[in-house]
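Q: I'd like to ask some things about the structure below.
The values are calculated or read from the model by the stated rules, or taken from the named source; none is laboratory data. What you see is a predicted model; the values in this text were computed from it and never measured. Every residue, glycine among them, receives a Cβ derived from its backbone with ideal geometry; neighbour counts consider all protein chains shown. Please note that ligands, DNA and RNA were not included when accessible areas were found on the heavy atoms of the full protein model with its side chains. Shrake-Rupley method; radii C 1.70, N 1.55, O 1.52, S 1.80 Å.
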Amino acid sequence: MKITKVRTAVIDGNFPWVLVRVETDAGVTGLGEAYWGAGVAELVHRAGELLIGDDPTNIGKLVFLMERCLSGEGAQAGATVTAISGIEIALWDLLGRAHGLPISTFFGGRFRDKVRVYADCHAGETPDPASYAEKAKAIVAEGFTALKFDLDTPNPHAFDVSEDPHARRQWVEPYSRVIGAAELRWMVAVVKAVRAAVGPDVMVAMDAHWKFNVNDAIRLAQALEPFELVWLEDPVPPINIEAQRAVTQATRTPICTGENLYRLEGFRELIEKQAARIIAPDIPKMGGLMEFKKVADHANSYYIPMAPHNVASPIGTVAGAHVSAAIPNFLVMEYHAHDVDWWGDLVEGGPPIVDGFIALSDKPGHGLTLNEGVARAHVKKGHSFFGDEP
Ligand code: MG
């Protein structure tokens, strides 16, 4: 069996979902997904060209080949790694389909058949903590046992978004920001309201998008301790491991990070210095299924659980769930498309998430078949559908 083509279709979801199809001369294909970003689809084509004529089952060698050939262009981190991730996931799907086995089998089999997901809720309809609580209750009523809100954006006490024509302006707030007294009171009130609304047994996480200085990150994390968050995500950027570690070691609120780190190399020091209590790699971004497994195994040797960050379509999500099922130290995986009502329709056979869990099938590969009609209807302007007109 030889690889003949690597093609893409970019689907216009809440993020541009970069689907990757690897085709072979045996007629078997694999479908993967890469995290979104400028140039990722083009990089998939560029990396895919390197694989034409190769045996698709030598996945480790093919990934190594792409990394080596593109090393001068940045195959250590960033969009090149992301593009390789999408191809890698397609190769695992292809291998599964060629052998009639689900992806999880190739990673050692399953610790669990159902993978818990958490719903990313972003924010309340208004800044009133009661609005956050109401949204949390609605999510739990749908069957979710885990959820996450953003604590920093929008934040009525940090920045007046009402007068800002640029909705994303808060993202350019400087790092190392100070938390004011009113802002801290508001953040605590939000968390308190959400915890009261969902009760003690639902996992509640909060995200702060790398905003604060070390001391205020610790103030915030300590102020949230009574509410037993499953984690506080990115109160500081993880780039300076010592600073990240100072926050993590100063609070019993578990600090989580990792969505912007790449490959095992990007996580190694974070794990070894115990600078995070929970690790959140984005699988279709950081290197793919095998690279995630390497990070998970290394984290497990430090007794650190994994909570994959995820903004993918059903393809990337369920592929990630297969490897998540195969690690002992899995906690929960993100679902970021609650507001996209056709997310589950992108694949045949009904939505992959039911009652807050992904039930893995025994079908070959990731087990999903793209619903072509739905996919073609949502191809992003300027992109093809795997080489065809949409
Ligand atoms: Mg985050």
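For every residue, the table says whether it meets (1) closer than 23 Å to K192 by Cα; (2) within 16 Å of the ligand (Cβ to nearest atom); (3) in a helix (DSSP H, G or I); (4) at pLDDT 95 or above.
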{"site": "Y132", "(1), (2), (3), (4)": "yes, no, yes, yes"}
{"site": "A136", "(1), (2), (3), (4)": "yes, no, yes, yes"}
{"site": "V140", "(1), (2), (3), (4)": "yes, no, yes, yes"}
{"site": "G143", "(1), (2), (3), (4)": "yes, no, no, yes"}
{"site": "P154", "(1), (2), (3), (4)": "yes, yes, no, no"}
{"site": "H157", "(1), (2), (3), (4)": "yes, no, no, no"}
{"site": "P174", "(1), (2), (3), (4)": "no, no, no, no"}
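Q: If you don't mind, there's one more thing I want to ask. Has the stretch 253-269 got at least one residue that is away from the ligand (no atom under 16 Å from the Cβ), touching a Ser or Thr at 6+ places or on another chain (Cβ under 6 Å) and at pLDDT 95 or above?
A: No, because not a single residue in the stretch 253-269 is away from the ligand (no atom under 16 Å from the Cβ), touching a Ser or Thr at 6+ places or on another chain (Cβ under 6 Å) and at pLDDT 95 or above.
Q: Where residues in the stretch 262-282 are among the hydrophobic types (A, V, I, L, M, F, W, C) and open to solvent by less than 20 Å² (accessible area, probe 1.4 Å), which of them is nearest to T317 (Cα to Cα)?
A: It comes out as A280.
Q: Now for a separate question. Considering each residue of the stretch 241-253, count those that are open to solvent by 40 Å² or more (accessible area, probe 1.4 Å) and more than 11 Å from K273 (Cα to Cα), and give that number. Can you show your working first?
A: Pass one, the stretch 241-253, residues open to solvent by 40 Å² or more (accessible area, probe 1.4 Å): 242, 245-246, 249, 252.
Now narrow it down to the ones that are more than 11 Å from K273 (Cα to Cα): 252.
Residues flagged as open to solvent by 40 Å² or more (accessible area, probe 1.4 Å) and more than 11 Å from K273 (Cα to Cα) within the stretch 241-253 amount to 1.
Q: Being in contact with a helix residue (DSSP H, G or I) (Cβ under 7 Å, 6 or more places away or on another chain) and surrounded by fewer than 21 Cβ atoms within 10 Å (Cβ to Cβ) is the filter here, so list the residues in the stretch 351-374 that pass it.
A: Matches in the stretch 351-374: P351, P364, N371, V374.
Q: So which residues in the stretch 121-138 are open to solvent by 10 Å² or more (accessible area, probe 1.4 Å) and not polar (S, T, N, Q), if there are any at all?
A: Start the filter on the stretch 121-138 by keeping residues that are open to solvent by 10 Å² or more (accessible area, probe 1.4 Å), which leaves 122, 124-131, 133-135, 137-138.
Answer for the stretch 121-138, where residues must be open to solvent by 10 Å² or more (accessible area, probe 1.4 Å) and not polar (S, T, N, Q): H122, G124, E125, P127, D128, P129, A130, A133, E134, K135, K137, A138.
Q: Would you confirm whether any residue within the stretch 227-240 is more than 15 Å from L151 (Cα to Cα), within 16 Å of the ligand (Cβ to nearest atom) and surrounded by 20 or more Cβ atoms within 10 Å (Cβ to Cβ)?
A: Yes, because at least one residue in the stretch 227-240 is more than 15 Å from L151 (Cα to Cα), within 16 Å of the ligand (Cβ to nearest atom) and surrounded by 20 or more Cβ atoms within 10 Å (Cβ to Cβ).
Q: Filter the stretch 116-130 down to residues that are hydrophobic (A, V, I, L, M, F, W, C) and in a loop (DSSP other than H, G, I, E, B) and give me whichever is nearest to I358 (Cα to Cα).
A: Ranking the qualifying residues of the stretch 116-130, first place goes to C121.
Conditions (1) more than 26 Å from M286 (Cβ to Cβ); (2) modelled with pLDDT under 95; (3) charged (D, E, K, R), marked per residue:
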site	(1), (2), (3)
G316	no, no, no
W342	yes, no, no
D345	yes, no, yes
D355	yes, no, yes
E389	yes, yes, yes
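Q: Sticking with this one: Out of the residues in the stretch 375-390 meeting the condition of being farther than 30 Å from H99 by Cβ and basic (K, R), tell me which one is surrounded by the most Cβ atoms within 10 Å (Cβ to Cβ).
A: Residue satisfying both the conditions and the ranking: K380.
Q: Quick check on P308: is it within 16 Å of the ligand (Cβ to nearest atom), open to solvent by less than 10 Å² (accessible area, probe 1.4 Å) and in contact with a strand residue (DSSP E or B) (Cβ under 8 Å, 6 or more places away or on another chain)?
A: yes
Q: Among the residues of the stretch 204-218, count how many are within 16 Å of the ligand (Cβ to nearest atom) and surrounded by fewer than 20 Cβ atoms within 10 Å (Cβ to Cβ).
A: Of the residues in that region, 1 qualify.
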